[in-house]
1. What length, rounded to one decimal in nm, is gained on full extension from Ala34 through to Val15, with 0.36 nm per residue of separation minus their alpha-carbon distance?
2. (i) 40, 24, 20; (ii) 33, 27, 18; (iii) 91, 37, 19: which one is semi-axes √(5λ) of the Cα gyration tensor in Å as calculated from this entry?
3. How would you classify the range 132-241 from its alpha-carbon gyration tensor, with a ≥ b ≥ c the square roots of the eigenvalues: rounded for a/c under 1.5, else prolate if a/b is greater than b/c, otherwise oblate?
4. Excluding Thr358 itself, calculate the net charge of residues whose Cβ lies under 12 Å from the Cβ of Thr358, where each Lys or Arg counts +1 and each Asp or Glu counts -1.
5. For Leu210 and Ala112 in one chain, what is 0.36 nm times their gap in residues minus the Cα-Cα distance, to one decimal in nm?
6. Which of the GluC sites (Glu not before Pro) found in the range 125-201 are in a DSSP loop and have at most 12 neighbouring Cβ atoms, other than their own, within 10 Å?
7. Taking H placed 1.01 Å from N in the peptide plane, check which residues at least 5 places from Val51 or on another chain put their amide H under 5 Å from its amide H.
8. Rounded to a whole number, what % of the accessible area of the chain do carbon and sulfur atoms account for, probe 1.4 Å?
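The values are calculated or read from the model by the stated rules, or taken from the named source; none is laboratory data. Because the structure is a prediction, the values reported are computed rather than measured. Cβ sites come from the backbone with ideal geometry, for glycine too, and all protein chains shown count toward neighbours. SASA here: full protein model, heavy atoms, side chains in, ligands and nucleic acids out. Shrake-Rupley method; radii C 1.70, N 1.55, O 1.52, S 1.80 Å.
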Amino acid sequence: MSARPAVTRTPVTIVSRDPSAFKDTYGGAVGLVATGATLIRPETPSDTVLVTMHPIGGTGGLPVMRLFAEAGVHVLAADSRYRGVDNALIMEKVTLDLGAAVRHAREKLGYANVILLGWSGGGALSAFYQAEAEQPSITHTPAGDPLSLAEARLIPADGVILMAAHVSRHATLTEWLDASILDEQDPDRRDPALDLYGEAVRPPYDAAFLDRYRAAQEARNRRITAWVKDRLETLRRRGRPNDEFGFVVHGTMADPRWLDPAVDPNDRAPGVCYLGDPQVVNMSPIGLARFSTLRSWLSQWSLDDARADGPRCLSRVKAPVLVINNSADDACTPSHARRLYEAVAHGDRRFHEIAGATHYYQDQPELGAQAVGLVKTWLEDHGFRI
C-alpha cells in the first residue's frame, strides 16, 4: 500500500474589527473578533485556496478536507464566532467573519485565487457572502441593529462551490420544525393529526397531508416571529434597545422526509437523520437552533426576515458556481441542490451528483475522492492553478 501524501495542518488566528454595539459571544474586547482557522495544505505551493466556513460547525475536521489537500488543493477551514453555539447566531455577523477569512487568505497568506467552498450550512452562507461582496445592500440586521456589509468592503471570491448544501438555515430549520406543537410554553400540547411521532399519523404521507403539514410549519414559524418582534419592541419602549431574551424552540427535527423516503426521494436510509433517530433529536438539546435569542431568531429562523437565502442570493451572483449533490445525503435532500443550481442566473454553472455519497462522506473515502476530483476539474477548467 502506498503512503498517503503529506499534509500540513497549520492553526491560524484571524482578528478583525467588529462594528457591533455589543457582544453576543463570550470573550474578547468589544469591537474585536478573534476566530480560529486551519490551513490544510500539501507540500506543493498553489495560487488557489478554498475558503470554507459553516455558521456553527468546524469544517476543518471533515474527512473530505484532508482528501482535498492530499489531491494538491489548499484549504483554509475557518470558524465563525459562533462555532458550536448557535443560540445568538446572526448571519450578517457570520458573513463578516467569512469576509475576514477571505481577506486573510488573500492579503496575509498571499493566494491569488480564493474560492468559497460552501459545505452543508456553509452553502447559503457562501452565496450570501458572494452576493453582498459583489453587490452590497445590507446596512442593518433583521432586528434593525446597524451593521453595514457595504462598509465592510467584502472581497468577492473568484468562484463558489456548494457541496452537500441546503438552501438556507431559515428554510431548512422550518422544514424540520415540529408542526404539531400548539403552545410554545407547553410543547406537550400537540395536534395529534400532525404529530409525526404520535399514534394517529403514519408514513407514507399523501400530498394533502404534506401540504397541511408544511403550512402548519410555516404558520408556527410566523407565530414565533410575531412574538419575537413584539418582545423586541417592548424592550425598546422600556429604553433597553440592546437587551436580549433567550428562549427554547421545541421540536426541531420533525421533517416527514426522515420517516417517508418517498418525500424528496434519494438513496438515504429511512427512519434516521444525520443526527440519529429523529424522534430523539426532535426534543433533545442536540437539535440545531434549539436555544435562540430574539435577534438570532430573526436572522437565522424567520421565513420573512432572514436574508441568507441561498437561491435568492445566487440569483445575484456573477462568479462561476459548482453544485455537488450527494445521492444518499440524510441532511440535505436533492430538491435543495436543484433549487441552488437553478437559481444561478448566468451560464457558468455546473451540477454533479455523487451516487451513494452521504452528507459527511464518512467511511466513504472513494466517494469523497470523487467530489475532490470534480472540484479539481472545475478549478482547472476555470484557469485556477493548483
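1. Extra length available between Ala34 and Val15 comes to 6.4 nm.
2. Given (i) 40, 24, 20; (ii) 33, 27, 18; (iii) 91, 37, 19, the calculated one carries the label (ii).
3. Verdict is oblate for the range 132-241.
4. So the surrounding residues net to -3.
5. 30.5 nm
6. Qualifying residues, ordered by number: Glu151, Glu199.
7. Answer set, sorted by chain and number: Leu76, Ile115, Leu116, Leu117.
8. Whole-percent figure for carbon plus sulfur exposure: 52.
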